Structures are given as structure tokens and as C-alpha cells.
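The values are calculated or read from the model by the stated rules, or taken from the named source; none is laboratory data. Here the structure is a predicted model, which is why all the values come from computation and not from measurement. Reconstructed Cβ throughout: ideal geometry from the backbone, glycine too, with neighbour counts over all protein chains shown. When the accessible area is computed, the model is the full protein with side chains, heavy atoms only, and any ligands, DNA or RNA have been set aside. Shrake-Rupley method; radii C 1.70, N 1.55, O 1.52, S 1.80 Å.
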Amino acid sequence: MAIQLGDVAPNFQADTTEGPIDLYEYLGDGWGILFSHPADFTPVCTTELGAFANRKDEFTKRNTKLIGVSVDSVESHKGWSKDIADTQGSALNYPLIGDEDRKVADLYGMIHPNALATLTVRSVFVIGPDKTVRLTLTYPASVGRNIDEILRVLDALQLGAEYPVSTPVDWTDGKDVIVSPALSDDEANERFPKGFTTQKPYLRLTPQPNR
Ligand code: BEZ
């Protein structure tokens, strides 16, 4: 069955561009983003993997490690990394798994045969410090992902993990957030000293609490 939100992210050992890796050891106590791309030396993938490399610091700042995967070999990934550097400005600076036997792809259901017969689609799994899956995204080969959106949901997930809040439509870091309906008004006043506004009893907004 497909991996669903809240499931424990399956651990694995794999060969990568940075040597053999055990997923859980690599992630340690932090957050992780495991993402797949269809194939090396292809246009959309080149832009995506370059963008992840260019913005690695933004993930590190969020205590989040990146790890990519496709069914190409580690040697192929290393050769392609030069093209990524030439065209996108950064070579690979996070491990990329060579999953020729599709072990990781099958474990995480990254091959969607009705879309791409033998290649991984563009999957994203956000893994929390407790190793549970906090978010999944699936894009087809023809549509590149949006790094801003991945960072945005990571911010929202990390905020929700720390405070009893959720984030409204189009929320971005710094905007007001929604007070959990599980809190009474008294409890909300205690948890959110900046106060909150009540639009409906179930829709209460408060300034972002970690700002
Ligand atoms: C691409 O990255 O552009 C791509 C990769 C595999 C299939 C189709 C497109």
C-alpha cells in the first residue's frame, strides 16, 4: 500500500553520490526531504536538482537534510552533476541515491506505471524528526517542483509541530496563523500572549507565535 501521512518512513541503506547511507543515520534527529526525479541528463530534472543545490542552506537553516533518488547509477549522477553545475550554478551538494534495482523507489511507491513505466515520478516525502511522514507531493515528469512551496510547507509543518496552530490558505512565514479549535479561549489566551481575533468561534487568528 502507498505510504500515507503519519506512517513511519521506511528506513533503507543505499549507495549515493556521497557513499553508502542509512536513511535514519543520515537524518539523525532532524527533518528530512526524500525526493525522486525521473532520470539524469534530462531538462526539468537538471533545473530541479540545481535549484535544490542552490538553496541547500535554506533547508539546513530549517534543520532539514535533502536526499534525492532516481533509478540511474551513482556514476551517472556524478557525471550529470557537472552539467548541473554548468547550467544551474551549483553541483550536487546533497546525496543522490543510485537506485538501479529500484529498492528505494519501490519501498516508497515512487514508480507510477501509468504515468512513467519504469522511471520514478517527482515524489517528495517530508520526514519529521520522529521519522513519520509529514507531507507527500507527487508531480509528473513534465512539471518541475517549486522550491518556495517546499520551504513554505516545511515552515508550516515545523510551526505546527511546535505550537497548537495550523496555517491558512496561501500562508507564508510571518503571516497570521489559525489557533487550534481544540483550545478554549482561555487556553488560547495563555498560549498566545499576543492575543487572537475571533472571526467565527472555529476560526481564530493569531500572529505567528515564533516571531
Ligand atoms: C525532464 O526532466 O525533463 C524529464 C525527465 C523524464 C521524462 C520526461 C522529462
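A few remarks follow.
- Beta bridges assigned by DSSP with both partners in the chain are antiparallel in approximately 75 percent of cases.
- Order by protection proxy (mean Cβ within 10 Å, highest first), peptides 47-54, 73-80: 47-54, 73-80
- Using R0 = 25 Å, the C-beta based FRET efficiency linking residue 41 and residue 115 works out to 0.80.
- Remark: the stretch 115-184 carries a charge dipole of roughly 320 debye about the Cα centre, counting +1 on each Lys and Arg Cβ and -1 on each Asp and Glu Cβ.
- Shown in residue order for the stretch 61-78 are the 3J(HN,Hα) couplings computed by the Karplus curve 6.51 cos²θ - 1.76 cosθ + 1.60 at θ = phi - 60°: 4, 9, 6, 10, 9, 9, 8, x, 8, 8, 7, 7, 7, 4, 4, 4, 4, 5 Hz (x for Gly and Pro).
- Partner aspartates and glutamates for residue 78 [C-alpha distance under 20 Å; skip if fewer than 8 residues away on the same chain]: 15, 18, 22, 40, 48, 86, 99, 100, 101
- R0 of 35 Å, Cβ-Cβ distance residue 15-residue 152: FRET efficiency to nearest 0.05: 0.65
- Total charge dipole magnitude, the chain, about the Cα centre, Cβ charges on Lys, Arg, Asp, Glu only, Debye to nearest 20: 540 debye
- If you run the Gaussian network model on the chain, springs between alpha carbon atoms under 10 Å, then out of 158, 199, 13 the most flexible one is 199.
- Separation between Cα centres of the stretch 146-160 and the stretch 193-211, rounded to whole Å: 20 Å
- Residue 15 accessible area, 1.4 Å probe, all protein chains in place, Å² to nearest 10: 90 Å²
- For a label point 7 Å along the Cα-to-beta-carbon line of residue 85, residues of the stretch 2-23 with backbone N under 17 Å: 17-19
- Per residue, the accessible area of the stretch 136-201 comes to 58 Å², computed with a 1.4 Å probe over protein heavy atoms only.
- Computed over the stretch 1-159, the ratio Rg/Rh where both radii use C-alpha atoms and Rh is Kirkwood: 0.92
- Couplings for the stretch 175-191, taken from phi via the Karplus curve 6.51 cos²θ - 1.76 cosθ + 1.60 with θ = phi - 60°, read 8, 4, 10, 9, 6, 4, x, 6, 8, 6, 4, 4, 5, 5, 4, 5, 6 Hz in order; Gly and Pro are left as x.
- Simple spin-label estimate for residue 102 and residue 131 gives 2.6 nm between the two label positions (7 Å along the Cα-to-Cβ direction from each Cα).
- J(HN,Hα) series, the stretch 113-130, from Karplus relation 6.51 cos²θ - 1.76 cosθ + 1.60, nearest Hz, glycine and proline x: x, 7, 9, 9, 4, 10, 9, 6, 7, 8, 9, 9, 10, 8, 10, x, x, 8
- Accessible carbon and sulfur surface of the stretch 1-129 relative to its total accessible area, %, 1.4 Å: 51 percent
- The mean sequence separation of alpha-carbon pairs under 8 Å and at least six residues apart, normalised by the residue count of the stretch 119-180, gives a relative contact order of 21 percent.
- Links that overshoot a 28 Å alpha carbon limit, given the list 61/131; 56/82; 103/131; 82/131; 65/103; 56/194: 82/131; 56/194
- Top positive-direction residue, dipole computed over the chain with Cβ charges, set 117, 195, 85: 195
- For residue 123, the amide hydrogen comes within under 5 Å of the amide hydrogens of 36, 139, counting only partners 5 or more places away or on other chains and with H modelled in the peptide plane.
- Calculated [θ] (222 nm, deg cm²/dmol) that DSSP helices of n ≥ 4 give over the chain, each run adding -39,500 (n - 2.57): -9000 deg cm²/dmol
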